Amino acid sequence: MLGNVRLAVQHLSFVILMYGGRFGVHLGSAVPCFSCPYVYGCGGNCYLMGLQGYIGFGLTWAQLWGYQGLRALFWLVVFAAAASLLGKLWCGFVCPFGLVSDWLTYLRRFLGVASLRLSRAARARLAPVKYFLLAWLALGPVLVNLGLLHPDFYLPFCQICPGKSLLPLFEGEAKYLTLELTNSVTLSLSVVLMAASGLTVAGSFFRERLFCVFCPMLALFNLLRPLALARIVKDPGLCQGCGACSRSCMMDMDELWLEREHDSGDDGECLGCGGCVEACSSRGCLSLKFLGGTVVGSSPELARGLRTGGGRARG
Amino acid sequence: MFWLAAPPLSRAGEASIYILDLAPPELAKSGLARAEAGLVVLAGGRAAAAKASDVAAEFFWSLRTAYLRGGDDHDAGVGYYQAASGAAGTVVTAGGYSSVDLRARVVAGGGVEHFAQTVFNLYGREGSSAADDSLAPVPAPAWPLFELTSPEPLYWPQTGQTFFLKFIPGDRGDRTVGADDGASDHDAVSDHDGAGAKTIVADNDAPADNNNGGGPGGRGLPLTVWEEDSPAPLFEIWAGADGVYAFTPPADPGLDAAGATSAKKLIFVRALPGGGTASLTLLVHRSREARRDLPLGLGVFFLAMLGGGGLIVAGRRGARY
């Protein structure tokens, strides 16, 4: 049931965020997911671009206390509020790029191709990449402003983000699947972008949400996690240790399964998809909570619905 | 020659006050002060006003006025707003950007008039509440005017983009301009045989093939094209049979090597009867699209996709369904 709700919300979000501008909907410049501004007529702008832009505009001390600073602060507050409101549900339920990745997963399942699983050690090695990318997108514009980087490194993360090349395809625009031969910097960045895009498509086919492992937005969510109002919570005392939550996790997390002391369920790479809540047959062991109140709790009935095909099956 | 320079808009959306360089190059080079005007954006990106600074007496300018036009042709709110000379104006924010047509006039010694115009994207600040009503629209001045159009509406003027310039003499009669210019209050006299204007090809880095050889193919007076700080005009352009000058800025390796927001000023100058000039300054950026290579991009994309997929298939461990 939860999986079906998620699927419906994902597709509705995709339509709004990808095409909303065409019918007058625009959610501003602080959308906490990959709502790519390179998509003509999109319904909101990914905050990562805004963040780079505000840094890239080079706030001087005077500007910091003036309108420019206020504007940057305003969108930061809006982003923090939105990110806190739904927490990682933005990743699991809303992100258009995540849905595209999920489509590749559905295709793989349809073709009967085996999934690739990342071990805990592999995830541990890859996890810092998202923080590196977050640092890069924050530091790059500063270096450009200081004249230490070529101006074409402006928006340094967007230049290599696969969302920039792949999402515009859904409005018929292929011009970001190009190599830009203008100069060596644009050429290098576009080669990286094309390579990252190709690897993302291939990787997302074999492994659910592979790009999310590297996503700097997820890194931001992790930093803002103490503020999140929507969370997945575990009651360790009710856990039967069956491991269904781990097997259902699209990010291959087993931390939740092994957690025996704390109630936190959405650490690290968790995308807030709720798959674990749906898979768990121990009543009340796992729950999706908002402001402390349970929205959905695990139960035998919910888990049975998943097993009988009423929800998302992992594979 | 009198020319009007738009500011480099490398910080789009950030500032609402721009400094305009109104100094004729020959005066600037002689060490005289440069004149400036502050540009104040009004709400919605549809209007703006200029505040001229005091003009030094040694410029011998007896009059200077700047007008701004905001918005686009589809915008019912388009209008001219006279410079609030000496007043600070009200800084009102604007969402997005607007193509602005800025014009100015100076009267040099001897009463010779010079006109300057520039077209550029004007960015305002977001979150404005209302337009500044203190600046009432005034009728457009009957000055010589360049109408600048392009069949390729792009974000900002770029190399490789074709522009059409139509010269409208206003009430400064120009008997060499065709009646189809539409705004002339003088009869037209056709000097040429009506061949089409020559477009300067831009798809290479070579110097532009810069004119059509003295212009008998077109009619009217030629436009001389200057680049900022160039000691002499780069070339001339002649109008086609319809009185329209066609021009495609060629690729510029200097711009290509610089950042995407870098731009150069191209100045189109046309002589006026009585010794004056009318100029249009165009801020030209590098082409955003000309150097994109789709086949190469797709090649790298698919290579990476197949390579990555192949590596996974070859090296996968712990596969499960």
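Where a number appears in this text, it was derived from the coordinates with a stated rule and is not lab data. Not measured: the values here are computed from a predicted model. Please note: Cβ atoms are built from the backbone with ideal geometry, for glycine as well, and neighbour counts cover all protein chains shown.
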Please compare each pair in A:LYS130/A:LYS234; A:LYS130/A:LYS175; A:LYS88/A:LYS175; A:LYS88/A:LYS130; A:LYS234/A:LYS289; B:LYS166/B:LYS265 to a cut-off of 21 Å on the Cα-Cα distance and tell me which ones are over it.
A:LYS130/A:LYS234; A:LYS130/A:LYS175; A:LYS88/A:LYS175
Long-range amide H contacts for A:ARG207: which residues qualify at under 5 Å (H placed 1.01 Å from N, peptide plane, sequence gap of 5 or more or a different chain)?
A:LEU116
With charges only on Cβ, +1 for K and R and -1 for D and E, what is the dipole size of segment A:153-290 about its Cα centre, in debye, rounded to 20?
140
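Calculate the FRET efficiency for A:LEU73 and A:TYR106 from the Cβ-Cβ distance with a Förster distance of 51 Å, rounded to the nearest 0.05.
Details: r = 41 Å, r/R0 = 0.80.
Plugging the Cβ-Cβ distance into 1/(1 + (r/R0)^6) gives 0.80.
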What relative contact order, as a whole-number percentage, does chain A give when Cα pairs under 8 Å and 6 or more residues apart are counted?
20
Amide H neighbours of B:LEU145 under 5 Å, counting only residues 5+ apart in sequence or on other chains, H built in-plane at 1.01 Å?
B:ILE168, B:GLY170
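Using a 10 Å cut-off around each Cβ of peptide B:301-314, what is the average number of partner chain Cβ atoms that fall inside?
Values: counts 14, 5, 3, 11, 10, 2, 4, 10, 7, 1, 3, 8, 5, 0.
The per-residue average across the peptide is 6.
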With each label point set 7 Å from Cα along the Cα-Cβ vector, what nm distance links A:LEU7 and B:THR162?
5.1
Placing +1 on each Lys and Arg Cβ and -1 on each Asp and Glu Cβ in segment A:165-315, then taking the dipole about the Cα centre, the residue among A:THR186, A:MET217, A:SER299 whose Cα reaches farthest towards the positive end is A:SER299
Positive-end residue of A:SER165, A:LEU149, A:PHE132, charge dipole of segment A:55-213 with Cβ unit charges
A:PHE132
Cα→Cβ-extended label distance, 7 Å offset, between B:ALA314 and A:LEU85, nm
4.8
Given charges at beta-carbon only (K, R positive; D, E negative), |dipole| of chain A in Debye:
520
DSSP-loop trypsin sites (Lys or Arg not before Pro) across segment B:259-321, with at most 12 other Cβ within 10 angstrom:
B:ARG317
Spin-label point model (7 Å from Cα, Cβ direction): what's the A:SER184 to A:PHE132 distance in nm?
2.3
Residues in segment A:174-198 near a label at B:LEU306, defined as backbone nitrogen under 16 Å from the 7 Å Cα→Cβ point?
A:195, A:198
Charges only on Cβ, +1 for Lys and Arg, -1 for Asp and Glu: so what's the dipole of segment A:106-222 about the Cα centre, in debye to the nearest 20?
740
